[in-house]
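K.L.:
Structure below; questions to follow.
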Amino acid sequence: MTTLANYLDNHATTPALNDVITTVTNVGKTISQLLRKGALADILGEAGNQNIQGEDQKKLDVLANDLLLDALAKNTHCAGVASEELDNATPANADGSLLVLFDPLDGSSNIDINMAVGTIFSVLPYQRQGQTSENSDFLQAGNQQLAAGYLLYSTSTVLALTITDHVVMFSLDPDTGDYVLIEDNVQIDADTSEYAINASNYRYWRAPMQQYIDELIAGEAGVRGRDFNTRWVAAMVGDVHRILCRGGLFTYPFDTKYAHKAGKLRLMYEANPMSLLIERAGGGATDAVNRILDIDPTDIHQRVPVVLGSKNEVDYVKDLHVNYTDK
Ligand code: F6P
Ligand code: MN
């Protein structure tokens, strides 16, 4: 049996990386316990509301953010933290060598209905050790990530992680509190017949994405010549986990639903870490045309269209976009 602690001792490139991942995954155990208590933990509902005892409630995504922030601020290797919940990055320990970015509770609209949610994280090198970190220090392309992963809180709690060229998975043993290795080299099949998209946004998509989904829906009767199946968890972390387990294509494409937003998902703490996991498992990850990991970020909260999963399907979407001409 290999625990996360054993694995990090053998594979983490530096003690700093080992320590920061240990901090994030330890907080994940606490978040997992809070979620398991559900409504009994007095934590559901909107932040700012009062609970039955008249005390202020903290929404669980705010609580998850605070727990990660507090733990990482105490970690001497962490020079700064950026989170979906924070307008600006928070400096931590100037002498640290690592920056940590996270989405503390992805898919948080799933919390109140007892469905899957998760924590997504990304670790970047810190280039200005000794000085206080700023937003601009985080603006590095995803190909610079030293580690990426997620914790999925579902029927069981699973950690997917990449710190080498492999993607590995651990399952949290509720009896011992250890993360135990369950997969040492996750690989995604290049072909798939399963896809994930919020199809209610169809009218806001670009024409090549509409064409792609039209083709999948036409199934056996259309140009693809076979039937496709839809799955949508409504938490990226759940959809990506399914793809790492059995392949598939996930997309939150460019849409015109909200003016001035390129897509819904965030580059730095959603698309980049998930893209690193997917690519290292043999899949593809683009914004429909360009590799996500090569995008030079301009803002820690910038949004990006995402198409990721089984390689041949991601390439097929790219070809449709590249070759599309207005008829
Ligand atoms: O973080 C954004 C997010 O919650 C993703 O986890 C998920 O894939 C998506 O939004 C769900 O979007 P929608 O509400 O359109 O189904
Ligand atoms: Mn999210």
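K.L.:
Taking 4 °C and 1.567 mPa s as the conditions, I'd like the Stokes-Einstein D for region 194-326 in µm²/s, using the Kirkwood hydrodynamic radius from alpha carbon pairs. Each step should come with its number before you reach the end.
P.N.:
Working: Rh = 14.8 Å.
Value of D from the Cα-based Kirkwood radius: 87 µm²/s.
K.L.:
Let me ask another. With a cut-off of 8 Å between alpha carbons and a minimum separation of six or more residues, what is the relative contact order of the chain in percent?
P.N.:
The normalised contact order for the chain reaches 15 percent.
K.L.:
Taking only Cα atoms, what is the 0 to 90° angle, nearest 10, from helix 236-246's long axis to the longest principal axis of the chain?
P.N.:
70 degrees
K.L.:
Using the eigenvalues of the Cα gyration tensor, what equivalent ellipsoid semi-axes result for region 175-254 when each is taken as the square root of five times the eigenvalue, whole Å, largest first?
P.N.:
30, 16, 9
K.L.:
What is the pair-distance distribution P(r) of region 1-40, computed from all Cα-Cα distances in 5 Å bins starting at 0, with each bin given as a whole percent?
P.N.:
6, 23, 22, 17, 13, 9, 7, 3, 0
K.L.:
Still on this structure, I have one more. If you roll a 1.4 Å probe over region 194-326 with all protein chains in place, what percent of the accessible area is carbon or sulfur?
P.N.:
Answer for region 194-326 is 47 percent, counting heavy atoms of protein chains only.
K.L.:
Given springs between every Cα pair under 10 Å in a Gaussian network model of the chain, which of ALA82, ALA281, ALA218 has the largest fluctuation?
P.N.:
Highest fluctuation among the options: ALA218.
K.L.:
Once you treat every alpha carbon in region 4-183 as an equal point and sum by Debye, what is log10 I(q)/I(0) at q = 0.11, 0.19 Å⁻¹?
P.N.:
-0.47, -1.27
K.L.:
Suppose all protein chains stay in the model; what accessible area per residue would a 1.4 Å probe give for the chain, in Å²?
P.N.:
44 Å²
K.L.:
What number, rounded to the nearest 500 deg cm²/dmol, is the helix-based mean residue ellipticity at 222 nm of the chain, given -39500 (n - 2.57) per DSSP H run of at least four residues and division by all its residues?
P.N.:
Working: 7 runs with 90 residues, N = 327.
It comes out at -8500 deg cm²/dmol, rounded to the nearest 500.
K.L.:
Which pairs, out of LYS257/LYS318; LYS37/LYS257; LYS29/LYS74; LYS59/LYS311; LYS59/LYS264, put more than 26 Å between their alpha-carbon atoms?
P.N.:
LYS37/LYS257; LYS59/LYS311
K.L.:
State, in angstrom, two size descriptors of the chain derived from its alpha carbons: Rg to one decimal place and Dmax to the nearest whole number.
P.N.:
In order Rg, Dmax, the Cα atoms of the chain give 19.7, 63 Å.
K.L.:
So what's region 171-211 giving for Cα Rg divided by 2.2 N^0.38 Å, two decimals?
P.N.:
Numbers: Rg = 18.8 Å, N = 41, 2.2 N^0.38 = 9.0 Å.
Normalised Cα radius of gyration, region 171-211: 2.09.
The values are calculated or read from the model by the stated rules, or taken from the named source; none is laboratory data. No experiment lies behind these values; they were computed from the predicted model shown. Side chains included, ligands, DNA and RNA excluded: accessible areas come from the protein's heavy atoms. Shrake-Rupley method; radii C 1.70, N 1.55, O 1.52, S 1.80 Å.
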